[in-house]
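Asks: Encoded as structure tokens, here's the structure I'll be asking about.
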Amino acid sequence: MFLVGVLAIVGIVLGALGSAIVQRLSNPVARYRQLYLGLLFPFALLSYAVFRLVGLGYAVVGGGTGAVETLLATVTELLAAGVVGLVAYAPTVRGVRNVRDIELTTSRALVRMGRYVLGLSVFATVITAPLETGLSPVVLLAVVPALIVAVLVAAPWIIPLVRSVRMPADSTAETVHCLRERAGLTVRDVRILDTEREGTADVTVRGAPGYRRLFVTSTFLDVFDDETATALLAIQAGRQTERVLARVVGGLLLALVPLFVALADIGPLWPLVGVSFGLIVTSLWITRRGVRAADDYAAERVGPDTVADALERYADVHGMEPSRRRLANPFGRSPPLGNRIDRLRAQAAAE
């Protein structure tokens, strides 16, 4: 536990210093996202690697090599890393509150993020459990992707376990239904995510074909007019049509194949790692093309200028300055928001 405390202190320092620096940069909202993804999340992963290396989980559960002990040790190490991540995240909440001008208390943010950590720890334990059981790489190659796909299929029921979700009132359901019809978005049902204090205006579609559920935040319904909401829903419809999520997951699963081949000692390790890396970069490029195709779908549905206006409004609500890049980030799942807006404006001008 001493090690957990040391890493937690380091996390507090990283979070506090990172937040202080980010607040002084241009486009701080986007920079906070980069801080989380580029520093604090990797630090939490590093903490997990350290805990695993020293056998923290087995020390807590009292040793043993059985399946139950292994699972308990794994989830213990993941939760300990999650706690370190939460501690590192805590000093940033005040900065996010200031740059976005929202009423988000640190305690509420930590409770919300704690639910994420708990859910992610359970999910990661389920996915990594087969790796701990001594199964052959060939069997693992079938089991691990099957578990990932199963979790994605079950997402409509998993999300309510880690988020505050409610059924929409009849009037709200009717409004969302009309917006969906105009946007061309087909789902089975709708749930409202409570984001009154967080101020996050998002929509997400999860589930397998035949049972897709639309999750729409309360802020989305409050701040966007019908035209903007329809355009953003049309983008989701386009992503559904272009199977953007399937491109991401499919690319990840395909990239796992060379790694399992390496584990089976069928081929050389580092060349296979290089192949896996190349597959990831290629799949992300394919995903970015899918995002652009989804924008095109929305533009055909409601007009490119309307979609561009909706994206600008989305950025404004979240306090972001749409970023632009000459060269695409090879590790990005989506083109920069500013580039997407410029592309839609060019389409509108061409028409």
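Asks: Please give the Cα centre distance for region 248-274 versus region 282-313, rounded to the nearest Å.
Replies: 32
Asks: Roughly to the nearest percent, how much of the accessible area of the chain is carbon and sulfur, given a 1.4 Å probe?
Replies: Working: 11480 of 18250 Å².
With neighbouring chains kept in place, the figure for the chain is 63 percent.
Asks: If you don't mind, another one. Using 7 Å Cα-to-Cβ label points, what is the PHE123/ASP342 separation (nm, one decimal)?
Replies: 3.3
Asks: If I take every Cα pair under 8 Å that is 6 or more residues apart in the chain, average their sequence separation and divide by the length, what percent do I get for the relative contact order?
Replies: Working: 468 pairs, mean separation 46.8, N = 351.
Answer for the chain is 13 percent.
Asks: Using a 1.4 Å probe, what is the accessible area per residue for the chain, in Å²? Write down the numbers at each step before the final one.
Replies: On the way: 18250 Å² over 351 residues.
It amounts to 52 Å² per residue over the chain.
Asks: In addition: Run the helix sum for the chain: -39,500 (n - 2.57) per DSSP H stretch of 4+ residues, divided by residue count, reported at 222 nm to the nearest 500 deg cm²/dmol. Present the calculation step by step, with values, prior to reporting the outcome.
Replies: Values: 15 runs with 250 residues, N = 351.
Here the helix-only value at 222 nm equals -24000 deg cm²/dmol.
Asks: While we're looking at this one, here's another question. Summing Lys, Arg as +1 and Asp, Glu as -1, what charge do residues with Cβ under 14 Å from the Cβ of LEU40 carry, LEU40 excluded?
Replies: Working: positive: ARG31, ARG33; negative: none.
So the surrounding residues net to +2.
Asks: Still on this structure, I have one more. Can you give me the C-alpha center-to-center distance between region 174-194 and region 5-66, rounded to a whole angstrom?
Replies: 37
Asks: In nm, what is the difference between 0.36 nm times the number of residues separating ASN329 and TRP270 and their Cα-Cα distance? Don't skip to the answer; put the middle values down first.
Replies: Values: separation 59, 0.36 × 59 = 21.24 nm, distance 2.39 nm.
So the chain would gain 18.9 nm between ASN329 and TRP270.
Asks: Do you know the relative contact order of region 165-349, to the nearest whole percent, from alpha carbon pairs under 8 angstrom that are 6+ apart? Intermediate results must be reported in sequence, preceding the final value.
Replies: On the way: 277 pairs, mean separation 36.2, N = 185.
Value for region 165-349: 20 percent.
Asks: Among LEU185, ALA310, PRO330, whose Cα lies farthest out toward the positive end of the dipole of the chain, if unit charges sit on the beta carbon of Lys, Arg (+1) and Asp, Glu (-1)?
Replies: Value: PRO330.
Asks: Rounded to the nearest 0.05, what FRET efficiency do ILE9 and SER136 give with R0 = 51 Å and r taken as the Cβ-Cβ distance? Could you check?
Replies: E between ILE9 and SER136, to the nearest 0.05, is 0.75.
Asks: OK, next. Calculate the FRET efficiency for GLU69 and GLU181 from the Cβ-Cβ distance with a Förster distance of 56 Å, rounded to the nearest 0.05.
Replies: Working: r = 53 Å, r/R0 = 0.95.
It comes out at approximately 0.60.
Asks: Build a GNM of the chain with springs between Cα atoms under 10 Å: which of ALA16, ALA73, ALA169 gets the top mean-square fluctuation?
Replies: Result: ALA169 has the largest fluctuation of those listed.
Asks: Can I ask one more? Compute the angle between helix 226-242 and the longest alpha-carbon principal axis of the chain, please, reported from 0 to 90 degrees and rounded to the nearest 10.
Replies: So the inclination is approximately 50 degrees.
Asks: So how far apart, in nm, are the two label points at THR204 and SER164 if each is 7 Å from Cα heading toward Cβ?
Replies: 1.6
Asks: Continuing with the same structure: Between LEU254 and LEU39, with labels modelled 7 Å along Cα→Cβ, what's the label distance in nm to one decimal, could you check?
Replies: 3.5
Asks: Right, here's the next one. Roughly speaking, what is the stretch gain from ALA16 to TRP157, that is 0.36 nm per residue apart minus the C-alpha to C-alpha distance, in nm to one decimal? Numbers along the way, then the final one.
Replies: Values: separation 141, 0.36 × 141 = 50.76 nm, distance 3.52 nm.
Here the segment from ALA16 to TRP157 would lengthen by 47.2 nm.
Asks: Right, another one. Within 10 Å, count the other beta carbons around each residue, average over each peptide in 293-299, 266-272, 40-46, and list them highest first.
Replies: Numbers: 293-299: 22.6, 266-272: 12.0, 40-46: 17.3.
Result, highest mean Cβ count within 10 Å first: 293-299, 40-46, 266-272.
Asks: Relative contact order of region 1-134, please, whole-number percent, based on alpha carbon pairs below 8 angstrom and at least 6 residues apart.
Replies: Details: 125 pairs, mean separation 42.9, N = 134.
Over region 1-134, the number comes to 32 percent.
Asks: Let's see if you can work this out: charge +1 on each Lys and Arg Cβ, -1 on each Asp and Glu Cβ, no other charges. What is the dipole magnitude of the chain about its Cα centre, in debye to the nearest 20?
Replies: Values: 35 positive and 29 negative charges, 117 e Å.
Dipole magnitude for the chain comes out near 560 debye.
Asks: Let me ask something additional. Per-residue counts of other Cβ atoms within 10 Å, averaged by peptide: what ranking do you get for 252-261, 198-207, highest first?
Replies: Numbers: 252-261: 17.5, 198-207: 19.6.
Highest mean packing first, the order is 198-207, 252-261.
Asks: Going highest first, how would you order 305-314, 217-226 by mean Cβ packing within 10 Å?
Replies: Details: 305-314: 21.4, 217-226: 17.2.
Those peptides, ordered most packed to least, come out 305-314, 217-226.
Asks: Of all beta bridges DSSP finds with both residues in region 165-349, what is the antiparallel percent, to the nearest 5? Don't jump to the answer; show the numbers that get you there.
Replies: On the way: 8 of 13 bridges.
Restricted to region 165-349, the bridges split so that about 60 percent are antiparallel.
The values are calculated or read from the model by the stated rules, or taken from the named source; none is laboratory data. Quick caveat, the model's predicted, so the values are computed rather than measured. Quick reminder, even Gly has a Cβ in these numbers, built from the backbone with ideal geometry, and neighbours come from all protein chains shown. For accessibility, only protein heavy atoms count, side chains too; no ligands or nucleic acids. Shrake-Rupley method; radii C 1.70, N 1.55, O 1.52, S 1.80 Å.
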